[in-house]
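Right, one structure below, let's go through it.
Nothing in this text is a laboratory measurement; each read-out follows from the coordinates by a stated rule. Fair warning: this is a prediction, and the values are worked out from it, not measured in the lab. No Cβ is skipped: glycine too gets one built from the backbone with ideal geometry, and neighbour counts run over all protein chains shown.
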Amino acid sequence: MRVVFVHGACVRDGAWWWRPTGELLRAAGVQSVAAALPSCGEGAAAAGAAGPGLAEDVAAVRELLAAKDEPTVVVAHSYGGIVTAQAAVGVDAVRHVLLISSYLAEAGESLSSFGGEEPAPFLEIDPEAGTFGVRPELFAGTFMHDCGALAEEGAARLARQSVQVVGQPVEAAVWGAVPTSYLVCAQDRGTPAERQREFARRADHVAEVGAGHHPFLSQPAFVRDLVLGLA
């Protein structure tokens, strides 16, 4: 078995975000790899109005998933669930999907399907540049309040993302075709637990942890055990 990690919105360097959990999985004999998302500037083109969007993210993750025939568990975080919904469709190697504090989108739904009329207070949108990002001064308190010293390292990996991903819908969803689990983060200040539980109703299996938005950083052993249980 191998694990493919898909990070969330407005950050870069997926390998860093997943490293604590990935190292524990490797010690248990499971290899993992982290996807790069072009819409976050992790590619040849810069994020922006004319830059890469959801389609490019889907293509990048799909290429990674299809690169090997080995049975694969996809672990997607936050916006990564939007990407995975479409990217994992029809990929024979994918045997299970685990969503962490994630959007669980059906075909035709997008990030904007789950938001209000106004952007969340922790987001900053630059219409002229065509990007959005997390306000640095609100990042740690909202998303990494239980991650200790890692909060500062995480803040250094914030990225501007192409704003068009907010309104671009997924064309198909893997849920129903592949077993799907959802991890609710009960202390998440970015995506409230009540909202996560609404998404989780669409999943086949649900677990819950007393953690903030990034349990793979704050409680990596819990996430490792959950992933190993899916194998």
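Annotations
- A single member of Val170, Val174, Val163 is crowded, with 18+ Cβ neighbours inside 10 Å, more than 21 Å from Ile100 (Cβ to Cβ) and among the aliphatic types (A, V, I, L, M), and it is Val163.
- Against the conditions (1) in contact with a strand residue (DSSP E or B) (Cβ under 6 Å, 6 or more places away or on another chain); (2) of a type in the set (Gly, Ala, Ser); (3) crowded, with 22+ Cβ neighbours inside 10 Å, Ala207 satisfies every one except (3).
- Only one entry in Val6, Val83, Val75 is β-branched (Val, Ile, Thr), under 22 Å from Gly190 (Cα atoms), in contact with a Gly (Cβ under 8 Å, 6 or more places away or on another chain) and in contact (Cβ under 8 Å) with a residue 12 or more places away in the chain, namely Val6.
- Of all the listed residues (Ala59, Ala55, Ala76), the sole one being crowded, with 21+ Cβ neighbours inside 10 Å and within 20 Å of Pro169 (Cβ to Cβ) is Ala76.
- Residues of the range 79-98 classified as buried (at least 24 other Cβ atoms within 10 Å of the Cβ) and either aromatic (Phe, Trp, Tyr) or under 22 Å from Ser162 (Cβ atoms) (or both), total: 9
- Residue check for Asp69: closer than 20 Å to Val134 by Cα and either in contact (Cβ under 8 Å) with a residue 24 or more places away in the chain or touching a Cys at 6+ places or on another chain (Cβ under 9 Å) (or both): no
- When Val3 is tested against (1) surrounded by fewer than 22 Cβ atoms within 10 Å (Cβ to Cβ); (2) part of a strand (DSSP E or B), exactly one condition is not met: (1).
- Residue that is surrounded by the fewest Cβ atoms within 10 Å (Cβ to Cβ), among those in the range 118-149 that are β-branched (Val, Ile, Thr) and over 21 Å from Ser218 (Cβ atoms): Ile125
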